[in-house]
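Read the structure below first, then the notes.
The values are calculated or read from the model by the stated rules, or taken from the named source; none is laboratory data. Note that the structure is a prediction, hence the values are computed from the model and not measured. For neighbour counting, all protein chains shown are included, and Cβ atoms are generated from backbone atoms with ideal geometry for every residue, glycine included.
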Amino acid sequence: MGGRAADPAGLNSATSGDVNNLWSEGASSVLAPKPYVASLRSFPVDRRRAPPPRALDARELADEVSERRSRALEEPLDLRLRQRDPYPLIEVRNPLHRTTYLVMRPAYPDRSADLCTCTDFARRGLGTCKHIEAADRWLANHPDASPSLPSKPAVRPGAVWKEIDRRLERAGRGSVPASLRWREAGAALFEAVP
């Protein structure tokens, strides 16, 4: 065996010719490897993680933080205070990239414990990102802001589903394909139904 795990079916040592013989002999497809699997074993697989971020000197660190601050000013970020107590929790949304992240400020106004759910904050190890910078600026400009509650839907869900059912009954099962019937009836989800 030479230090390898036991292979009772002999599948790991099969060559492409052995694989073809297994198929021609009618072996079970569970035991016989597919022909493409043998060819995939030749591809190298890098299972290492990404290297840790390199240490930055003071000037590089200042440049990186300055870049995050300028991006926080340049990009059209929408901020919403979700909670004030026990610590500020701010939702930062970027409508261009269609992303939303949470910024937590547990030691506000001290910035040493700030957290963000974005990948830049997690990967770079700078202790800041454009979302934290934008949240810091927003909190400084809105010290008395109260948390905004999510808006209530203008329409009750029950009324919308009744309208969808009504439209489906009206459309019937005629010659119109089901996908079009559902599309027309489902449009009620995006319309203002009384």
Starting from residues that are free of Cβ contacts under 8 Å to residues at least 40 places away in the same chain and polar (S, T, N, Q), keep the ones in the range 74-99 and report whichever is farthest from A134 (Cα to Cα). T99
More than 16 Å from R137 (Cβ to Cβ) and either modelled with pLDDT of 90 or more or of a type in the set (D, E, K, R) (or both): is that true of E25 in this structure? yes
Could you give me the residue pairs with C-beta distances under 6 Å whose first residue belongs to the range 60-73 and is basic (K, R), whose second residue is part of a helix (DSSP H, G or I) and at pLDDT 90 or above wherever it lies, and which are 6+ apart or on separate chains? R68/K130; R68/E133; R69/E133; R71/K130
Go through the range 85-108 and give me each residue that's surrounded by fewer than 15 Cβ atoms within 10 Å (Cβ to Cβ) and out of contact with any Leu (no Cβ under 8 Å at 6 or more places or on another chain). D85, P86, Y87, P95, L96, H97, R98, T99, A107
Return the residues of the range 112-132 that are touching a residue at least 40 places away in the same chain (Cβ under 8 Å) and either more than 17 Å from R71 (Cα to Cα) or loosely packed, with under 12 Cβ neighbours inside 10 Å (or both); say none if nothing qualifies. R123, G125
Any residue in the range 100-111 that is in the same structural domain as R84 (by TED's automatic domain parsing) sitting within a Cβ distance under 8 Å of a residue that is part of a loop (DSSP other than H, G, I, E, B) and among the aliphatic types (A, V, I, L, M)? List the pairs, counting only those 6 or more apart or interchain. R105/A113; P106/A113; A107/A113
Counting only residues in the range 81-95 that are in a strand (DSSP E or B) and not charged (D, E, K, R), the one farthest from L139 (Cα to Cα) is identified as N94
